[in-house]
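A short worksheet on the structure shown next.
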Amino acid sequence: MRAPIQTAETICVGTELLIGHTLNTNSHFVARQLSLMGINSYYQTVVGDNPDRLLAAIRSASTRSDCVFLTGGLGPTADDITMAVAARAADRNLTLHEPSRQAILEIFTRMGREMTDNNLKQAMLPDQSIVLPNRNGTAPGCIIEFEQDGADKTLILLPGPPSELRPMFLEQVKPYLVQRTSRILRNTFVRMIGIGESKAETVLKDLIDSQTNPTIAPYAGEGEVMFRITQLAQSHDDPDNTGPLLEEVTKRAGEYIYEVGERKMHEVVADLLVERHATLSMAESCTAGLAQSMLGEIPGASRFLTGGLVAYANEVKREMLGVPAELLEREGAVSEACAIAMADGCRLLFGTDYAVGITGIAGPDGGTPEKPVGLVHLAVSDANGCETRVMRINGNRARVRGVAALNAFDLLRRRILG
Ligand code: ATP
Ligand code: MG
């Protein structure tokens, strides 16, 4: 029986990370997963494609932590050194792993390409390691369990591309870690909108301060607030005891809660539309397609998103959406009346059950004393009429656009729910 994993740290390998060419999202992803599992992580390292420095980094990390994650550098080229260096750190030899060679060969055959000798390198794995097949690429990952100065240590090697690393972690590494950890955390996420972070904390302050198990902690979000309720269980059979705390949170802040779980606002709205077999179109001015692009990330979005348009220019608002010229003249493009006319016109144009209109001033220029940067008007139109929301959003252009889209979805959500 190997000792439980209580501490872990991450080493991301790649010169492109060091020089700022690639944003290190892998350490962010792994750190979040470790935190959700209650595994403490105190260090993160980035090291270039250099064998000596990588070996030194692995050695010092495995001195401090029970488990070391290594990401990147598992490719077929000469600068991909992670597997060989990790094997050296654990004092293991590399040998050809036949199932991995087969899997790589199959990928090449499927792509109609010839497998070159250097691809064989990706099937060279440390003796006695746990191989992690890669469903989304050629390089398998692996888990090396070894001893260092009499203590149980684990190296977990994962491919660099996030599209390969994330599923490999969730499908294979997470179940492994569950076996190897003694702490069992149960997490419930509560997502809120329409309440500021400080107000939410005030409303829940005594709960945040006094709770020991389960605990509740706030997380900052862009234009929304998230709380994580965490139960520390003794065993997997321990009953879930987060219910009463969730009930108390709902009693105090229920009107702001849009999701208890993992879904984001636009995913909640998408599910509602699908459930009701309803269709949606959107006319976006200041968000310029951002809201529709968010929906586009959801598989099967075409089931409910019929179409939409970017309506920046007044001519587009007039000619495509039928916003009256005198309305634009009198109220301006950033106005409640214009948002309503955009939503109504969009619903007519696309023949959908719901339509959203978004118009505002994203900045940094274009603000006036009456209509400052960050002023956004939102409207949702359906067969029974229109609903609007006006926002004054702080922050830069990206934040104004993001929070505007988020609130457009919230307005739509409330309208659908009635
Ligand atoms: P490949 O077989 O594609 O070469 P690899 O395991 O060797 O994979 P790297 O060569 O280190 O991985 O990186 C491949 C790509 O994966 C990088 O170009 C980058 O786009 C992405 N990547 C690598 N490391 C990270 C990281 N820490 N965060 C985000 N993306 C990363
Ligand atoms: Mg590579």
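The values are calculated or read from the model by the stated rules, or taken from the named source; none is laboratory data. In this text the structure is predicted, and so the values were computed from the model without any measurement. For neighbour counting, all protein chains shown are included, and Cβ atoms are generated from backbone atoms with ideal geometry for every residue, glycine included. Surface accessibility is based on the protein's heavy atoms, side chains included, excluding ligands, DNA and RNA. Shrake-Rupley method; radii C 1.70, N 1.55, O 1.52, S 1.80 Å.
Distance between the C-alpha centres of region 216-263 and region 65-90: 38 Å, rounded to the whole angstrom. Across region 184-260, the volume of the C-alpha convex hull divided among the residues equals 81 Å³ per residue. For I81, the solvent-accessible surface with a 1.4 Å probe is about 20 Å², rounded to the nearest 10. Quarter the surface of the alpha carbon convex hull of region 279-418 and you get the mean projected area, 7.7 square nanometres. Expressed as a whole percent, the accessible area of the chain that falls on carbon and sulfur atoms is 51 (1.4 Å probe).
Each 5 Å bin, from zero up to the one with the longest distance, holds this percent of the alpha carbon pairs of region 109-242: 2, 8, 12, 12, 12, 12, 12, 10, 8, 6, 3, 2, 0.
Across the chain, the longest run free of exposed loop sites, meaning GluC sites (Glu not before Pro) lying outside DSSP classes H, G, I, E and B with no more than 14 other Cβ atoms within 10 Å, spans 1-113. Note on region 265-417: antiparallel DSSP beta bridges, both residues inside, total approximately 60 percent of the bridges counted. Across all Cα pairs in the chain, the calculated P(r) in 10 Å bins from zero up to the longest distance comes to 4, 18, 21, 20, 19, 12, 4, 0, 0 percent per bin. As a ratio to 2.2 N^0.38 Å, the alpha-carbon radius of gyration for region 7-180 is 0.97. Quick check: from the Cα gyration tensor, does region 259-305 come out rounded (a/c under 1.5), prolate or oblate? Oblate, because a/c is 1.5 or more while a/b does not exceed b/c.
With a 1.4 Å probe and every protein chain left in place, work out the accessible area per residue of region 240-339 in Å², rounded to a whole number.
That works out to 49 Å² per residue.
In a simple Cβ point-charge model (Lys, Arg +1; Asp, Glu -1; nothing else charged), the chain has a dipole of about 100 debye relative to its Cα centre.
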